[in-house]
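Participant: My structure is below; once you've seen it, I'll send some questions.
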Amino acid sequence: MSVRPSEGVTRRAFLIGTAASLFVGVGVIYGDNVIRGSRMAQDFASPIALLLLFVMVAVLNPLIGWLRRSWYLTTAEITLVYIMALAAATIPSMGLTSFFIPYLSGAQYYATPENRWANLFMGHVPDWMVPQDTKAIQDFYEGNPHGAIAWDAWLPPLIAWAPFLLALFLVMIAGMVILRRQWMNHERLAYPLMQPSLAMIAQEKGRLLSPLFSCLPFWIGLSIPFAVGCFIALHDYDPSVPDIPLYTSLPFFHRTALLIPHLSFATIGFTYFLSRDISLGIWLLNLIAKLQESALRYMGITSNESMEWVTVPLLAHQNMGAMTVFVLWGLWMGRRHLRTVFRKAFRGDAQIDDSDEMMSYRAAVFTLLGGGGFMWWWLCQTGLAPWSAGLTLFVAFVLFVGLTRMVTEGGFFITRAPMNPGNFMVSGFGVEALGSHGVAALGYTFVWAGELRIFLMAACANALKIAEQHIRGSQRMLLWAMLTAILVSAVGSVWMQVALGYSYGAINLSGFFRGLVHYPFNFTARNLLNPTGPVWQGWVWTAYGGGLMGLLMWFKQRYLWFPIHPLSLPISSMWMTDSIMLSVFLSWSIKGVMLKYGGGPLYQKGKPLFIGLVVGQFVSMGFWVVVDSFTGMTDNVVYKLIYD
């Protein structure tokens with residue numbers, strides 16, 4: 001089947017996108033470690049990408065178009081640049097580099113006779129996985145007065161990890177290519193995180209500015225969070241400037257739980273684009289989870305398990321069960337589409353058209369199978385048994401797909417996994433079954449499947465939505481554009497992170513090198529010092545969560561009038577969901593009033609205002625990072641998450 005050339009992937013757009021990707025990779029690392037301002041690439045909304053898009057469409061593109069019309073970037077070209085920035089933003093922070101460098105070197109630096117890491121597990125870690133030069137690592141953490149970077153110590157493990165990470169990224173992209181048509185065309189997911197971007201990218205013939213920028217409600221919406229952010233930032237410069245607290249904590253149910261209502265303008269804006277059953281489910285299921293947490297503590301029902309990034313282990317197990325059923329249910333609902341994908345891949349059915357996909361279905365399926373097989377083999381080389389390597393990958397991709405679905409349907413720009421694969425494997429099967437080598441290897445899975453607050457699969461899903469709207473013709477060159485963005489961002493961010501360590505001393509940089517750096521090694525040491533068998537209580541709660549999710553999904557599908565969508569159940573008990581609950585409730589209430597008294601027309605008129613709330617918060621964050629870089633101010637975080 002003939003494939004039309006793409007109208008968006010021009011040479012100049014590709015070069016600008018590559019430069020933007022390098023800026024994202026280097027800039028985010030510098031901002032997070034030296035300026036330590038607002039985190040611009042830590043969560044799924046990728047504020048750095050939206051900020052670059054705003055500057056491009058509101059300032060730079062109109063300016064160059066005014067100077068010379070032939071320089072003006074088309075809608076498709078802007079889309080390509082934004083997609084590359086979106087992909088690049090998944091790398092430098094929690095998507096890879098900010099975990100990667102500390103976790104490759106932290107055990108060697110922080111090992112002491114007291115924590116016994118050297119005797120417990122460091123002998124189980126293959127030499128090729130981590131740097132071996134003790135002096136090079138010490139200079140990295142404490143600074144090298146001569147500024148020299150010991151690349152001979154870093155390059156071997158970086159090169160050893162590169163094939164695994166490339167396979168991981170390719171499998172994520174292939175998975176989204178396979179699911180794109182099911183989610184976008186058959187189920188018509190809302191993709192709420194992309195609504196501000198879609199509105200800003202849209203152009204009218206003969207005009208230099210997007211129609212959005214001529215809407216007064218948009219500028220009103222933008223000015224509110226921008227002004228609030230200015231007060232918060234200026235308060236750090238001058239305490240006499242009034243601060244505006246946006247969160248608090250409230251003891252709940254005889255102080256057995258804690259509510260942390262948090263006002264987030266971006267959450268209010270994104271939630272406006274959700275269906276009301278989803279937004280109702282987010283805040284109501286979170287409230288029910290808090291009641292459940294309180295009841296468990298009040299009755300003395302607890303778990304002795306300790307898990308990284310988990311506050312209530314029993315509810316984490318419940319959420320994992322819900323997440324697994326949520327993903328499997330979705331795949332079952334898309335079984336007809338998946339059959340056509342595999343028929344095209346293995347039989348080459350000419351009646352199935354995949355010319356509008358970023359990869360052919362055959363390439364996507366074989367990338368999925370080949371990449372998955374390679375990752376399984378690579379994990380086996382790190383010390384995992386074949387069965388545990390396979391299960392670890394299965395759990396990881398359940399989380400990747402489930403969280404991506406929540407981002408694209410539920411608009412979660414701040415969330416994470418209820419439990420990471422390492423903790424699931426130890427809890428579910430026990431230390432003896434995994435072995436010492438296996439537990440040590442699971443600790444290093446925290447590099448790519450630790451907190452899971454941002455990753456490529458979700459960005460790819462959102463990018464494909466933007467591309468469908470604004471890039472005509474073949475999407476095939478998008479694959480190479482995204483891979484280029486990832487490579488450039490990865491190389492730039494790793495270089496910047498290592499260089500900053502030798503210049504400043506990593507222990508003087510971000511909290512990744514002081515607090516989070518201990519997580520994988522505490523996990524390994526704890527489980528080797530106190531080996532446990534399978535936690536059957538955890539399996540019971542996992543089964544309960546899966547059963548509850550299945551029942552709610554069945555009920556929602558059978559009875560369309562049911563007002564609550566269970567999409568958020570797998571993350572309902574997490575503190576991040578606690579923090580957005582108030583903002584979701586406010587947006588749900590406002591939208592309900594608008595629909596009741598103004599109907600669809602008033603809802604449409606309200607869109608620019610709520611888009612402005614999102615853009616205003618992210619522009620405020622980026623604006624003050626830039627200002628702080630000139631003034632020398634550090635730790636001036638605007639719109640931070642509580643507990644971050």
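Participant: Only residues that are over 22 Å from the mean Cα position of the chain (by Cα), surrounded by fewer than 20 Cβ atoms within 10 Å (Cβ to Cβ) and hydrophobic (A, V, I, L, M, F, W, C): list them for the range 154-195, please.
Facilitator: Those that are over 22 Å from the mean Cα position of the chain (by Cα), surrounded by fewer than 20 Cβ atoms within 10 Å (Cβ to Cβ) and hydrophobic (A, V, I, L, M, F, W, C): L155, L158, I159, A160.
Participant: Then there's this: With the checklist (1) open to solvent by 10 Å² or more (accessible area, probe 1.4 Å); (2) assigned to a helix (DSSP H, G or I); (3) under 21 Å from L179 (Cβ atoms); (4) not basic (K, R) in hand, flag the one item A433 doesn't pass.
Facilitator: (3)
Participant: In the list V593, V625, V540, V638, which residue meets the criterion of being closer than 28 Å to L50 by Cα, hydrophobic (A, V, I, L, M, F, W, C) and open to solvent by 20 Å² or more (accessible area, probe 1.4 Å)?
Facilitator: Of V593, V625, V540, V638, the one residue that is closer than 28 Å to L50 by Cα, hydrophobic (A, V, I, L, M, F, W, C) and open to solvent by 20 Å² or more (accessible area, probe 1.4 Å) is V625.
Conditions (1) part of a helix (DSSP H, G or I); (2) farther than 19 Å from K591 by Cα; (3) free of Cβ contacts under 8 Å to residues at least 40 places away in the same chain, marked per residue:
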position	(1), (2), (3)
H235	yes, yes, yes
S240	no, yes, yes
R255	no, yes, yes
W283	yes, no, no
A289	yes, yes, no
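Participant: In the range 560-568, is there at least one residue being open to solvent by less than 20 Å² (accessible area, probe 1.4 Å), at pLDDT 95 or above and not small (G, A, S)?
Facilitator: Keep residues of the range 560-568 that are open to solvent by less than 20 Å² (accessible area, probe 1.4 Å), which gives 566-568.
If we keep only those that are at pLDDT 95 or above too, we end up with 566-568.
Still in the list and also not small (G, A, S): 566-567.
Yes, that holds for at least one residue.
Participant: In the range 421-430, what count of residues is obtained for those that are touching a His at 6+ places or on another chain (Cβ under 8 Å) and in a loop (DSSP other than H, G, I, E, B)?
Facilitator: Total meeting the criteria: 0.
Participant: Could you list all residues from the range 513-528 that are modelled with pLDDT of 95 or more and either open to solvent by 40 Å² or more (accessible area, probe 1.4 Å) or not aliphatic (A, V, I, L, M) (or both)?
Facilitator: Answer for the range 513-528, where residues must be modelled with pLDDT of 95 or more and either open to solvent by 40 Å² or more (accessible area, probe 1.4 Å) or not aliphatic (A, V, I, L, M) (or both): F513, H518, Y519, P520, F521, N522, F523, T524, R526, N527.
Participant: Within the set of pairs 6+ apart or on separate chains, which have a first residue in the range 347-375 that is more than 26 Å from T392 (Cα to Cα), a second that is among the charged types (D, E, K, R) and open to solvent by 40 Å² or more (accessible area, probe 1.4 Å), and C-beta atoms under 6 Å apart?
Facilitator: Between residues of the range 347-375 that are more than 26 Å from T392 (Cα to Cα) and residues that are among the charged types (D, E, K, R) and open to solvent by 40 Å² or more (accessible area, probe 1.4 Å), the close pairs are D349/R343.
Participant: So T112 fits all but one of (1) touching a helix residue (DSSP H, G or I) at 6+ places or on another chain (Cβ under 6 Å); (2) surrounded by fewer than 16 Cβ atoms within 10 Å (Cβ to Cβ); what number is the exception?
Facilitator: (1)
Participant: Could you list all residues from the range 380-420 that are among the aliphatic types (A, V, I, L, M) and either outside any helix (DSSP H, G or I) or more than 26 Å from A89 (Cα to Cα) (or both)?
Facilitator: Passing the criteria: L384, A385, A389, L391, I414, A417, M419.
Participant: Same structure again: Which one is farthest from I137 (Cα to Cα), of the residues in the range 55-105 that are open to solvent by less than 20 Å² (accessible area, probe 1.4 Å) and of a type in the set (S, T, Y)?
Facilitator: Top of the filtered list is T79.
The values are calculated or read from the model by the stated rules, or taken from the named source; none is laboratory data. Quick caveat, the model's predicted, so the values are computed rather than measured. Every residue, glycine among them, receives a Cβ derived from its backbone with ideal geometry; neighbour counts consider all protein chains shown. To get the accessible areas, we keep the full protein, side chains included, count just its heavy atoms, and leave off ligands, DNA and RNA. Shrake-Rupley method; radii C 1.70, N 1.55, O 1.52, S 1.80 Å.
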